[in-house]
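First comes the structure, then the notes that go with it.
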């Protein structure tokens, strides 16, 4: 009996529009956008929880995840963002999904070689590597899924200095639920 392909999850967490991408060899990237209606207010976090939980149940075993971390010195509603991050982290803990955290500039450096790359450049690079989306949060999640795969393997598949540095840096943030 053959083993199921490994599943790698990328999460661009946000209060308004979270991007989630799953990579499995032999399959097109699975794209999930979790965008709670603004009218939900505080109930947005329950919406995020329910939708991410349904995604995890659909996937079964996830071998590694990478989540974009907060950007330092930004004024992006830090308490709400912390709550959104917490929702994803709780579900990863409940499902024993190991994950790494990648700062935004490191993610841009990993994908483009330039830590100051624009959102448009990230989308272009992601699409050049097999993604079919114009959504910025999906492009970031795709890049994060690639980081998750590389972290699982312990090295960058595409051996550039920028990618290798980001993978090694990300591995220092590994949260694992192994017994």
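Read the figures in this text as sums done on the coordinates, not as results from a lab. Note that the coordinates shown come from a computational prediction; the quantities given were computed from them, not determined experimentally. Cβ atoms come from the backbone with ideal geometry, glycine included; neighbour counts cover every protein chain shown.
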Please work out how much length the chain gains when fully extended from residue 175 to residue 46, using 0.36 nm per residue of separation minus the C-alpha to C-alpha distance, in nm with one decimal. 44.1 nm
Pull up the DSSP beta bridges for segment 8-171 and report the antiparallel fraction as a percent, rounded to 5. 55 percent
Only counting other Cβ atoms within 10 Å, I'd like 27, 52 sorted with the fewest neighbours first. 27, 52
Directionally averaged shadow of the chain, computed from the convex hull of its alpha-carbon atoms, nm²: 10.7 nm²
Taking 96, 89 and counting other beta carbon atoms within 10 angstrom, the fewest-first order is 96, 89
According to a simple spin-label model (label point 7 Å from Cα along Cα-to-Cβ), what is the distance in nm between residue 6 and residue 54? 3.0 nm
Expressed in angstrom and ordered largest first, the alpha-carbon extents of segment 1-74 along the principal axes are 48, 28, 17
Per DSSP H run of n ≥ 4, the term is -39500 (n - 2.57); total these for the chain, divide by its residue number, and report the mean residue ellipticity at 222 nm rounded to 500 deg cm²/dmol. -14500 deg cm²/dmol
Note the full-extension length gain between residue 93 and residue 39 as 0.36 nm times their separation in residues minus their Cα-Cα distance, in nm to one decimal. 16.6 nm
To the nearest 0.05, how large is the calculated FRET efficiency for residue 128 and residue 17 if R₀ is 22 Å and r is the Cβ-Cβ distance? 0.45
Could you give the C-alpha radius of gyration of segment 84-179 expressed as a fraction of 2.2 N^0.38 Å, taking N as the number of residues it contains? 1.08
